Ligand code: CP
Ligand code: NVA
């Protein structure tokens, strides 16, 4: 009996599996319409409990390009949003779809969905992790650096955030050196740092957390950031993040050919200077495009190639 594989956090893929998915993502990008694992069409449910532009777009287009039928549902217009249980929803969905993609709040919700269904479940962002975004980011880094092993990525801003956590796990899995530059009052979850450190010990990577932004940036190959105010955090005090803004001064401390990533949406003049986001070192538009290729590769892998 095979167990269903899910992608709920970045460390759900082993280093070898992550490399396989990223190789496939590059192949999908080169030959976009070749792969048709959802021919039929088979349907994939894409559920949103929070707003989205890129994730909605890339999964909808990607599932269609794989020959499938994307069934996009919002919490506001589904019974899940009116209190139907996750367990009941999971049981209904698995009778009709080949995979479930879900953007929701707490990680425990997507864990419950995965536990209650026989089809693959993919995390399209939770409060704790955004693993599909980091797959696309790793694809983007590889397009510049070739290999990922030994590359240093420094993330700046809110340390207790889904992107910080996914960079920690995803980059450690890839054998990268991952640094988080964040205020001491907003550190990443210690359990995630511990898990990333454990993975890095096996892959040759490393994990460090700094409250000095200059130390985090020094010589880094990739600078990454994210909004200071994640969905559901409106009204949050952001003054403490100001020393971690990705500005021209911070970029000057990085490697001379460093690239800049931002998962978007971006707030120019807050977490990133407009001149950096729109400047020559920025790879954010490739990064946004790569959501499509990386997620198609992930679905192909989960549906056809996973052990
Ligand atoms: N980066 C990202 O996930 O964007 P959306 O919120 O627009 O999907
Ligand atoms: N940290 C952000 C990412 C948005 C794609 C959020 O959760 O809102």
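A Förster radius of 35 Å combined with the Cβ-Cβ distance from residue 79 to residue 189 puts the calculated FRET efficiency at roughly 0.65. Normalised size of the chain, defined as Cα radius of gyration per 2.2 N^0.38 Å with N residues, equals 0.96. Would you compute the Debye intensity of the range 218-269 from its alpha-carbon atoms alone, equal scatterers and no solvent, and pass along log10 I(q)/I(0) at q = 0.19 Å⁻¹ to two decimals? Those come out to -0.70, one per q. Taking the C-alpha atoms only, the angle from helix 162-173 to the longest principal axis of the chain is near 90 degrees.
Just to confirm the number: angle between the C-alpha axis of helix 190-203 and the first principal axis of the chain, 0 to 90 degrees, nearest 10? Approximately 90 degrees, to the nearest 10. Using a Gaussian network model of the chain in which every pair of alpha carbons under 10 angstrom is joined by a spring, one finds that among 57, 22, 250 the greatest mean-square fluctuation is at 57. Shown for 24, 292: other C-beta atoms within 10 Å of each C-beta, ranked fewest to most, produce the order 24, 292. The Cα center of the range 29-64 and the Cα center of the range 163-209 differ in position by 29 Å. Place a point 7 Å from the Cα of residue 264 along the Cα-to-Cβ direction; which residues of the range 39-70 have their backbone N under 14 Å from it? Flagged as within label range: 52-59. All Cα-Cα distances of the range 20-98, cut into 10 Å bins from zero to the largest, leave 17, 41, 31, 11, 0 percent in each bin in turn.
Its Cα gyration tensor gives the range 58-214 an equivalent ellipsoid; the semi-axes, largest first and in whole Å, are 32, 19, 14. Place a point 7 Å from the Cα of residue 147 along the Cα-to-Cβ direction; which residues of the range 196-238 have their backbone N under 14 Å from it? The answer is 203-205, whose backbone nitrogens lie closer than 14 Å to the label point. Full extension of the chain segment joining residue 289 with residue 105 gains 63.8 nm, where the gain is 0.36 nm per residue of separation less the Cα-Cα distance.
Relative to the longest principal axis of the Cα atoms of the chain, the long axis of helix 54-65 makes an angle of roughly 40 degrees.
Any idea what diffusion coefficient the range 235-307 gets from Stokes-Einstein, in µm²/s, Kirkwood Rh on alpha carbon pairs, 10 °C, 1.306 mPa s? Value of D from the Cα-based Kirkwood radius: 110 µm²/s. In vacuo Debye scattering of the range 172-243, one point per C-alpha: log10 I(q)/I(0) at q = 0.18, 0.19, 0.21, 0.24 Å⁻¹? Listed by q, the Debye log ratios stand at -0.80, -0.87, -1.01, -1.17. For a footprinting-style exposure proxy, rank 65, 198 by other Cβ within 10 Å, fewest first. Listed from fewest to most nearby Cβ atoms, that is 198, 65.
Each residue in 130, 177, 293 was given a count of other beta-carbon atoms within 10 angstrom of its own, and listing them fewest first yields 177, 293, 130. Note that the range 132-287 shows a convex hull volume over its alpha carbon atoms of 97 Å³ per residue.
Every number here is computed from the coordinates shown, using simple stated rules; none is lab data. Quantities reported herein were computed from a predicted structural model and do not represent experimental measurements. Note that each Cβ is placed from the backbone with ideal geometry, even for glycine, and that neighbours are counted across all protein chains shown.
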